[in-house]
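J.: Below is one structure. I have some questions about it.
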Amino acid sequence: MTERTIRKAAMPAGISHYLTDYDAGRSGFTWEGARRALTGDTDARLNIAFEAVDRNVERGHGARLAARFIDRSWKRVDVTYTELQTRCNRFAGVLRSLGIEHDTNAVGPGSGPARPGPCVATLLGRVPELFTVGLGTLKSGNVFCSLFSAFGPEPLKTRLELGHVRVLVTTETLYRRKVAGIREMLPELRHVLIVREDVHTQLPAGTLDFEQLMRLSSETYEAAPTRDADVALLHFTSGTTGRPKGVTLTHAAVVAQHATSQLVLDLHPGEVYWCTADPGWVTGIAYGLIGPLTCAATMIVDREEFDPQRWYQVLAQECVNIWYTAPTAIRMLMKAGASLARARRYPCLRHMASVGEPLNAEAVIWGVEAFGMPFHDTWWQTETGAIMIANFAACDVPPGSMGRAVPGIEAQVVRRAGGRLEVIASPDEVGEIALRPGWPSMFSSYLESPERYRESFVDGWYLAGDLARRDREGYFWFIGRSDDVIKSAGHLISPFEVESTLMTHPAVAQAAVIGVPDPIAGQAVKAFVELRSGFEASEELRRKILGHARRLLGAVVAPREIAFSDSLPRTRSGKIMRRLLRARELGLPEGDLSTLEGRET
Ligand code: ATP
Ligand code: MG
């Protein structure tokens, strides 16, 4: 902990948090218990959609709002749990009518212990149909994959091929712009269902009308008898460190996604919850669809893109209780100034969390300035399927720390010693984040890469590829991705630490730090800096920022060079790509990035 730790001694009245005593919460926790608490039984069958939707209807929450979709002109579409159930049943029936059913002989994505069913993908924005298709697919026992709607034809083709996708649900516009041209190259893609934007236009050749099929389908459908180990979801990683990987998760993931929605997001039944992640990424499905529904919460889904004014309006007007967002967005809000946030009141808001990239201490503290509460960092990956490390709503928050291991998760920092791993027992020493396998949402395969999957596990641990240190109280502090860490003159330098320090300068909005070759030190630190509005790049400002960094970090760790950048290179999910900065710096080809991630048509 640090002297800046935000103490949670005085809790807001009237809220019984899921986790108040961290140690007691950990020691009393088992995954079997979590599974029983979710399902209420010990049945060997487990189906994500059943737990997310039908279970709520069964328990009398059918009339409750499952989701509210808001469009550009603030038109709202409300969907209750019962309506969602009916829609999912109809879609599961549509798949059956198309011959796409849970079939033990079918070849689908992944190579886990159980043979997965065929894959159904969406290429949609944040629309109600995405919920229907995702949950209907899961209910029918098939594998669901949500593709990011801004992908161009190339990244789409790669993913549709890798996932052996049989059915794609998309809009007419997206189909014409992105899919029509590659359709012939995708023999496994049997059916394309179109969610119509205009009922009067003619459907493209070779496609089916989604709503028409839905109308013909039955309102009832019994959930497929899937089991814990059956593959349910296919996600692609963000591609921050290399070519994006296809990751499969099983139906058991719902146990961890539910438990963490309670323990970390602190979601109670009936609460209003807003997850800003796009459904094209794992967060948008795990915590933008499945987890919150299993908590019988009401989700706000804003169909528009980021805009500070609009976001504050969503928070205030929709009475959001719990907000899950990302550091990039928080930093952009900071750039727009705390006074904009304070121009409205948020009496319902009681918990704010963040994921995806390191959350610097300034951003955590800015939360207090702007909303009267800190942002709570959470750490996880596509591969872990659920939050693994977090700052909990009712616990102290040391700004800049990712928090502590979630109950049921054994997380350590380790070092490699020969073929073995050594747990680093002494506090504050840097090592790789390692997780003990056995939690329910652990990935079951990397598509087409069984070897890579095997190599992720060493000596009985899953190695996450991120470096961190763990302090005396068990809080983890992010250092960087293994590939991004800088070694200079024998020192291990954390790009995150340098970036966070640069961002404490009033002119700096965002920063990215990389190692560049240096004949003497091996590597030297170079920083790329985006300025806040109102500041102009100049030699004088560069010297001032350098001086600021040297004063706080010391000469060895401070950047030797600072370059101003109008916008830092990011993945489609908004993460800074340091590897691209490194490649540019060294004059190397930019690799997969331009073809896989960058293109939008
Ligand atoms: P790829 O694996 O293709 O390079 P990616 O790792 O960015 O892409 P994701 O699975 O979406 O793909 O992201 C997980 C990674 O994001 C983590 O391994 C970590 O590096 C980073 N991350 C997530 N949450 C945090 C956090 N709270 N603090 C620091 N880093 C985080
Ligand atoms: Mg990764």
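J.: So which aspartates and glutamates pass the test for LYS487, namely a Cα distance under 13 Å, with those fewer than 8 places away in the same chain ruled out?
T.: Cα-Cα hits under 13 Å: ASP518.
J.: Shifting gears a bit: With every protein chain left in place, what is the accessible area per residue of segment 81-251 in square angstrom, probe 1.4 Å?
T.: Here the residues of segment 81-251 average 37 Å² of exposed surface.
J.: Once neighbouring chains are kept in place and the probe is 1.4 Å, which whole percent of the accessible area of segment 484-596 is contributed by carbon and sulfur?
T.: For segment 484-596, the apolar C and S fraction of the accessible surface comes to 52 percent.
J.: Can you grab the distance from the C-alpha centre of segment 307-328 to the C-alpha centre of segment 183-222, Å, no decimals?
T.: Rounded to whole Å, the Cα centres lie 34 Å apart.
J.: If packing is taken as the mean number of other Cβ atoms within 10 Å per residue, what is the order of 380-388, 286-294, highest first?
T.: Ranking, from highest mean packing down: 286-294, 380-388.
J.: Could I ask something else about it? Okay, helix-only estimate at 222 nm for the chain: each DSSP H run of n ≥ 4 adds -39500 (n - 2.57), divide by all residues, round to 500 deg cm²/dmol; what do you get?
T.: Per the formula, -7500 deg cm²/dmol.
J.: State, to one decimal in nm, how far the label point of GLU455 lies from the label point of GLU422, with both points 7 Å from Cα in the Cβ direction.
T.: Each label point is offset 7 Å from its Cα along the Cβ direction, giving 2.4 nm.
J.: Also, quick follow-up: Averaging sequence separations of C-alpha pairs under 8 Å and six or more residues apart, then dividing by the length of the chain, give the relative contact order as a whole percent.
T.: This gives 14 percent for the chain.
J.: Still on this structure: Counting only protein heavy atoms, what percent of the accessible surface of segment 292-397 is carbon or sulfur at a 1.4 Å probe?
T.: Looking at segment 292-397 in its full context, I get 48 percent from C and S.
J.: Obtain the nm distance between the two label points defined at VAL368 and ARG76 by a simple spin-label model: each point lies 7 Å from its Cα along the Cα-to-C-beta direction.
T.: Distance between label points: 3.4 nm.
J.: Which three lengths, in whole Å and largest first, does the chain cover when its Cα atoms are put on their principal axes?
T.: Each principal axis gives a Cα extent; for the chain these are 70, 56, 54 Å.
J.: Which percent of the accessible heavy-atom area of segment 81-251 goes to carbon and sulfur, probe 1.4 angstrom?
T.: Carbon and sulfur: 49 percent of the exposed surface of segment 81-251.
J.: Over all Cα pairs of segment 81-251, how is the pair count split among 10 Å bins, expressed in % and running from 0 up to the last occupied bin?
T.: 10, 41, 37, 11, 1
J.: A further question on this structure: If you average the alpha carbon positions of segment 125-157 and of segment 414-446, how far apart do those two centres end up, in angstrom?
T.: Using only Cα atoms to place each centre, the spacing works out to 32 Å.
J.: Where a Cα-Cα gap under 22 Å defines reach, which lysines qualify for LYS245, not counting those fewer than 8 residues away within the same chain?
T.: LYS157, LYS178, LYS575
J.: Please find the FRET efficiency linking ALA44 to ILE15, where r is the Cβ-Cβ separation and R0 is fixed at 30 Å, and quote it to the nearest 0.05.
T.: Step by step, r from the Cβ atoms, then E = 0.25.
J.: To the nearest 0.05, how large is the calculated FRET efficiency for ARG542 and GLU222 if R₀ is 60 Å and r is the Cβ-Cβ distance?
T.: My answer for the efficiency is 0.35.
J.: Considering only DSSP beta bridges where both residues belong to the chain, give the percentage that are antiparallel (nearest 5).
T.: Expressed as a percentage, antiparallel bridges in the chain total about 55.
J.: Now a separate question. Using +1 on the beta carbon of Lys and Arg, -1 on that of Asp and Glu, and nothing else charged, what's the dipole of segment 484-596 about the Cα centre, debye to 20?
T.: 180
J.: Accessible area per residue for segment 383-539 in Å², computed with a 1.4 Å probe and the full protein assembly in place, what is it?
T.: Per-residue value: 37 Å².
J.: Turning to a different aspect of this structure: Residues in segment 459-503 near a label at ASP518, defined as backbone nitrogen under 13 Å from the 7 Å Cα→Cβ point?
T.: Output list for this probe position: 486-494.
J.: Can I ask one more? Dipole magnitude of segment 81-251 about its Cα centre, charges +1 at Lys/Arg Cβ and -1 at Asp/Glu Cβ only, in debye to the nearest 20?
T.: 380
The values are calculated or read from the model by the stated rules, or taken from the named source; none is laboratory data. Just so you know, these numbers come straight off a predicted model, no measurement behind them. Heads up, the Cβs are rebuilt from the backbone with ideal geometry, glycines too, and the neighbour counts pull from every protein chain shown. Surface areas here come from the heavy atoms of the whole protein model, side chains and all, with no ligands, DNA or RNA. Shrake-Rupley method; radii C 1.70, N 1.55, O 1.52, S 1.80 Å.
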